[in-house]
Amino acid sequence: MGKEKITLSIALAVYNEEKNLDACLSSVRPLADEIVVVDGGSTDGTVAIAKKYAAKIIKTTNPPIFHLNKQKALDACTYDWILQLDADETVSSALKQEILHVISTKNPEMNGYYIPRRNYFWGHFMKKGGQYPDYVIRLFKNGKGKFPCKSVHEQIALTGRVGYLKHPLLHYSYRTRADYWKKADSYTSLTALDLAKSQVPKSIRSTLNYVVWKPLWTFFNIFIRHKGFMDGITGFEFALYSGLHFASSYKKYLKL
């Protein structure tokens, strides 16, 4: 008998991603036995691009916690392993070969793998500042991983042992300043809602915490502790705006 083939599903949740989706799906087509795309009501050419790659398309709404749609994509996958991606990510040739190798070795102890991610910020792939290697769980056995669906920045929760891959996933998160500010507006709105749910006191102490201490600590943590200064002015801007996330979120919370 011939060697049994290990199969791989690609899972994505998307919303108005016509700028990114073609490059993403093109990079994984040689890997995929199945492509599952959950679309949150796109009004551009996203669905047409997914159809070009013979994807299984599930149409739904676009919830604030987008991980709900990511989980729908995982639930719809039918093959042995799942590679979960965002539309603004691409898989390099070296990473493809590494993925094929680890899923074909049939290691019963490993239920999934962290993949290092290279994040693109305004014309540069970041070297430091917690942006590389930015390890994320993306490859795992079907049924062993899921999204908790509680926070916009959460990781996949995995049952069992997790390994590490060497070759990076390329994440074109912020190609332009407009991309950054659009996502930042969404993230700060979600954080403001979290503050409301937690009933954070609207007090001088909270104001100092969210407007002064958290921004300063975040900037220090990214720019100094995680050596963001090695990315020059880009690293400085990334650390600065990451810190200001808390002040902007708190300002929105006060207006709720």
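At 222 nm, what helix-only mean residue ellipticity would the chain give, in deg cm²/dmol to the nearest 500, using -39500 (n - 2.57) for each DSSP H run of four or more? Intermediate values should be presented prior to the final figure.
Values: 8 runs with 94 residues, N = 256.
About -11500 deg cm²/dmol.
Given H placed on each backbone N at 1.01 Å, which residues far from Arg117 in sequence or on other chains put an amide H within less than 5 Å of it?
Asp134, Tyr135, Val136, Leu169
Taking the mean number of other Cβ atoms within 10 Å as a proxy for protection, how do you rank 237-243, 57-63 from highest to lowest?
237-243, 57-63
So if I take the centroid of the Cα atoms in the range 1-60 and the same for the range 97-168, what is the distance between those two points in Å?
What the calculation gives is 18 Å, centre to centre.
Mind checking the full-extension length gain between Arg177 and Ile57? Use 0.36 nm per residue of separation minus the Cα-Cα distance, one decimal, nm.
So the chain would gain 40.1 nm between Arg177 and Ile57.
Taking the inverse of the average 1/r across all pairs of different Cα atoms in the chain, what Kirkwood radius in Å do you get?
19.6 Å
How large is log10 I(q)/I(0) at q = 0.16, 0.17, 0.21, 0.22 Å⁻¹ when the Debye formula is applied to the Cα atoms of the range 3-53, each weighted equally and without solvent?
-0.44, -0.49, -0.70, -0.75
Wrap a convex hull around the Cα atoms of the range 104-176, take a quarter of its surface area, and give that in square nanometres.
That works out to 5.9 nm², a quarter of the Cα hull's surface.
Mind checking the full-extension length gain between Lys5 and Ser203? Use 0.36 nm per residue of separation minus the Cα-Cα distance, one decimal, nm.
Values: separation 198, 0.36 × 198 = 71.28 nm, distance 6.01 nm.
In short, 65.3 nm is gained.
Values in this text are rule-based calculations from the coordinates and carry no lab data. This one's a predicted model, so the numbers in the text were calculated from it and none came from an experiment. All Cβ positions, glycine included, derive from the backbone under ideal geometry; neighbour counts span all protein chains shown.
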